[in-house]
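The values are calculated or read from the model by the stated rules, or taken from the named source; none is laboratory data. All values reported here derive from a predicted model rather than from experimental measurement. Positions of Cβ are backbone-derived with ideal geometry, glycine not excepted, and every protein chain shown enters the neighbour counts. Surface accessibility is based on the protein's heavy atoms, side chains included, excluding ligands, DNA and RNA. Shrake-Rupley method; radii C 1.70, N 1.55, O 1.52, S 1.80 Å.
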Amino acid sequence: MLKDWWHQREQREQIILGIGAFIVLFLIVYFAIWSPLETAATNAQQEAQQHVTLLSFIKHAKNEISALQAAGFVSDEERGAPVLVVVEQGLGNAKLSKYIKQVQQPQKGQVKLMLQNVPFDHFMDWLQTAWLQHAISVSAMAVIQTSTPGVVNLTVTLSRKS
């Protein structure tokens, strides 16, 4: 039946139908097989590159941690140093002790400080160091500006998770 239909067509029509069938077959192969495979391969390459980047970062971080441990660095948390001790020593080392008006320990792992006429930028630098080196974070903070630019009165509650 299909053979009879094909032979009833003129040669020019057969050529056009043959070319059309070839184009349709090519498009089906391209869009149904080749394109999805190419997309999957590209995605797999990108994912592999992300994994390589992550692995490189982890190796670098491991080396940094090993170097710190070899240098004798042990966090205060590992040593078990109380937050109150760490804060008072840190403020003393940063020359901020003279601004302390009151120190309270509302609960374990917390320290509430009231400081008067403290240079705000200097205090914030110390606070950043306390966070980076000792995992001490701000739970609450109230700042009152004084008449002197850059100098404030503040109340801050610091804590470290146990």
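Going by the structure shown, is GLN102 more than 14 Å from GLU88 (Cβ to Cβ) and either open to solvent by 70 Å² or more (accessible area, probe 1.4 Å) or modelled with pLDDT of 90 or more (or both)?
Details: more than 14 Å from GLU88 (Cβ to Cβ): no; either open to solvent by 70 Å² or more (accessible area, probe 1.4 Å) or modelled with pLDDT of 90 or more (or both): yes.
In short, no.
Taking segment 73-95 as the range and being in a helix (DSSP H, G or I), among the hydrophobic types (A, V, I, L, M, F, W, C) and at pLDDT below 60 as the test, no residue passes.
Given the residues ALA61, ALA70, ALA135, which is the only one that is surrounded by 14 or more Cβ atoms within 10 Å (Cβ to Cβ) and at pLDDT below 90?
On the way: ALA61 fails: surrounded by 14 or more Cβ atoms within 10 Å (Cβ to Cβ); ALA70 fails: surrounded by 14 or more Cβ atoms within 10 Å (Cβ to Cβ).
Answer to the selection: ALA135.
To keep it simple, each residue is scored yes or no on (1) open to solvent by 60 Å² or more (accessible area, probe 1.4 Å); (2) in contact (Cβ under 8 Å) with a residue 12 or more places away in the chain; (3) closer than 30 Å to ALA142 by Cα; (4) not β-branched (Val, Ile, Thr).
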{"site": "HIS7", "(1), (2), (3), (4)": "yes, no, no, yes"}
{"site": "GLY20", "(1), (2), (3), (4)": "no, no, no, yes"}
{"site": "LEU25", "(1), (2), (3), (4)": "yes, no, no, yes"}
{"site": "PHE57", "(1), (2), (3), (4)": "yes, no, no, yes"}
{"site": "SER66", "(1), (2), (3), (4)": "no, no, no, yes"}
{"site": "LYS98", "(1), (2), (3), (4)": "yes, no, yes, yes"}
{"site": "PRO106", "(1), (2), (3), (4)": "yes, yes, yes, yes"}
{"site": "VAL118", "(1), (2), (3), (4)": "no, yes, yes, no"}
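Restricted to segment 138-162, and to residues there that are more than 19 Å from LYS101 (Cα to Cα) and open to solvent by 80 Å² or more (accessible area, probe 1.4 Å), the residue that is nearest to the chain's Cα centre (by Cα) is LYS161.
Could you tell me whether ASP121 is at pLDDT 90 or above and within 26 Å of the chain's Cα centre (by Cα)? Walk me through how you get there before you give the answer.
Numbers: at pLDDT 90 or above: yes; within 26 Å of the chain's Cα centre (by Cα): yes.
Taking the combined requirement at face value, the residue satisfies it.
Residues that are in contact (Cβ under 8 Å) with a residue 12 or more places away in the chain, open to solvent by less than 60 Å² (accessible area, probe 1.4 Å) and within 23 Å of GLY150 (Cα to Cα) do occur in segment 75-90, at least one of them.
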